[in-house]
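Asks: Have a look at the structure that comes next, please.
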Amino acid sequence: MMRKSMLSALALSLGLSACTTSPLGRSQLSLFDSSEIDQQGQQAFEEYRQNHKQATGRDGRYVTCIADAIIDTLPEGQGPSKWTVGVYQDEEPNAFALPGGYVVINTGLMKVAKDQDQIATVVGHEMAHVLANHANERTSTQSLTSTGVGVVQSVTGNNALAQLLGAGAQYGVLLPYSRRQESEADLLGLDLMARAGFDPKASIALWQNMASAGGGQPPEWVSTHPNSGERSEALKGRMQSAVQLSEQARATGHTPSCGNISS
Ligand SMILES: [Zn+2]
């Protein structure tokens, strides 16, 4: 364990800002330039896209409708200038986000998320990872804790950064997020979907569906997370304020209706 003062000194010596604050007010270590991180996200997405078939039919339009509703009501000035949200052919019920504003939903997830509010829970969760700069934080933490100071000092070039970001991760889905980040994405994501007028209570049902879908590789967003019971308890703690956000949104005309898109 290194002391904070040592981390700060290290960051200063690298000429980088050491700390940022997440949208939920948590202090984060951010050693890397966000434009570099975004660029890595873009490259990883390009590679992913070349190797996966995009669903452009009903599933694609359905998710686009849901994502647009959330994007329209994001807090002013937050997040990337452009989001790229798509559905890709993959039967595993999973989703992931990349820095720079890329969100991928697998076709397999569309069978587990039963309605627009459950899908909005997933889209909100993934956008929350991007908005909270979780990739930068994870990479920064990883660079200090597992590879040591000597390596950090050499991690200033793009190649080294790419190695760190992509370590062991297929298509640069990046390092797995920490439990704390997953919890934060759950809560922030809940706010995001509620603010667009979706029903936040659907999040509980979604995680139950995810748990019972189980089997095989755990999805990105359950792999490092507390079990579904703990997850649901945390969501319930924020439910009252989320329901209020949703009611306010609906009272001001944000009443998304994406479920009726025909094939
Ligand atoms: Zn996640």
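Asks: Pairs Lys53/Lys111; Lys114/Lys201; Lys82/Lys114; Lys111/Lys201: which exceed 22 Å Cα-Cα?
Replies: Table pairs above 22 Å Cα-Cα are Lys82/Lys114.
Asks: Could you run the Karplus curve 6.51 cos²θ - 1.76 cosθ + 1.60 with θ = phi - 60° over region 83-96 and give me ³J(HN,Hα) per residue in whole Hz, x for Gly and Pro?
Replies: For region 83-96, the Karplus curve yields 9, 10, 10, x, 9, 10, 5, 6, 6, 5, x, 8, 7, 8 Hz.
Any read-out appearing in this document is the output of simple, stated calculations on the displayed coordinates, not a laboratory observation. Here the structure is a predicted model, which is why all the values come from computation and not from measurement.
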